[in-house]
Amino acid sequence: MTLRQKWPPLTGDLIIEGDCADVLPTLPDASFQLVYIDPPFNTGRVQQRRTVRTVRTVRDDDGDRTGFAGRRYATTETSRRAYLDVHDDYLGMLEPLLHETRRLLSATGTLYLHIDYREAHAVKLLLDHVFGPEAFLNELIWAYDFGGRAKDRWPAKHDTIFVYVRTPGGHFFDQDAVERIPYLAPGLVGPEKAARGKLPTDVWWHTIVPTNGAEKTGYPNQKPEGILRRIVQASSRAGDQVLDFFAGSGTTGAVAAELGRRFVLVDRNPEAVDVMRRRLPGATVVNGPS
């Protein structure tokens with residue numbers, strides 16, 4: 001099945017294999033209540049990760065690792081997922097996509113753009129230019145404590161998520177739908193408040209996807225469902241449509257489906273589409289315009 005030049009009103013859940021720059025102009029105006037994107041961070045290198053169960057281990061006295069009771073084993077990598085994260089003109093790549101995003105958002109809709117320190121300062125100015133500074137809602141900080149440990153500077157242990165709305169002052173936000181978190185000092189707020197928990201602030205402490213966790217797909221830079229769940233709960237309703245056009249492992253779609261939202265996921269990487277096809281078997285997979 002191939003993506004048509006212009007969609008009719010969107011129905012059902014879709015995974016579109018294609019370049020988002022080609023796909024977005026074919027989608028109808030004001031179709032989405034929520035857009036979440038996690039574009040490449042422009043790290044200047046190939047992002048890659050072995051897929052789940054892609055290392056074969058056999059007994060070998062001359063092997064490369066030691067197992068139980070001192071036995072030696074040889075390991076062979078059978079596959080690896082990767083994508084190139086290099087953009088000579090990062091803002092030039094992103095700007096037309098943000099203009100399309102603004103067109104695609106409903107009047108009450110919200111954009112969440114996930115980025116890291118390399119481009120966050122410049123992307124914030126670009127978002128102000130496209131949406132208007134009055135459309136800025138939040139700068140969310142996702143803090144975690146895993147990964148590399150720099151020895152010559154403070155280790156980078158957070159990402160930034162910029163939140164912009166289509167209509168300043170007219171956006172949808174349901175704080176009552178968001179899962180609450182424990183108070184750090186429950187003894188200071190009393191038993192009733194402590195039992196209820198508190199609404200998360202703009203700093204979110206949440207682990208990365210655990211290496212051996214059930215949600216792990218093996219796709220590089222997969223984001224945890226807990227982060228997306230909070231976003232989808234707050235900024236969309238049951239039955240609303242959610243878009244992610246750098247969909248990667250499909251976490252946005254998995255969470256949207258769990259919470260009763262519809263989704264459209266776009267990615268040009270066939271490996272990403274393959275992961276999403278298996279993770280979201282109820283979605284229709286189509287090819288984008290060529």
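None of the figures in this text is laboratory data; all of them are computed from the coordinates on show. What you are looking at is a predicted structure, and each value in this text was computed from that prediction instead of being measured. All Cβ positions, even for glycine, are placed from backbone atoms using ideal geometry, and neighbour counts span all protein chains on display.
Some observations on this one:
- Cβ-Cβ distances below 6 Å connect the following pairs, each with a first residue in region 100-119 that is farther than 13 Å from residue 36 by Cα, a second residue that is of a type in the set (Val, Ile, Thr), and a separation of six or more residues or different chains: 107/167.
- Failed condition for residue 187, given (1) without any contact (Cβ under 8 Å) to a residue 24 or more places away in the chain; (2) more than 30 Å from residue 100 (Cα to Cα); (3) outside any helix (DSSP H, G or I); (4) not hydrophobic (A, V, I, L, M, F, W, C): (3)
- Residue count for region 228-258, restricted to those that are within 16 Å of the chain's Cα centre (by Cα), more than 23 Å from residue 20 (Cα to Cα) and aliphatic (A, V, I, L, M): 1
- So residue 127, is it farther than 30 Å from residue 103 by Cα and free of Cβ contacts under 8 Å to residues at least 40 places away in the same chain: no
- Subset of region 232-273 (residues that are within 20 Å of residue 140 (Cα to Cα) and hydroxyl-bearing (Ser, Thr, Tyr)): 235, 236, 251, 252
- Taking the criterion of being of a type in the set (D, E, K, R) and in a loop (DSSP other than H, G, I, E, B), the residues of region 190-217 that qualify are 202, 215, 216.
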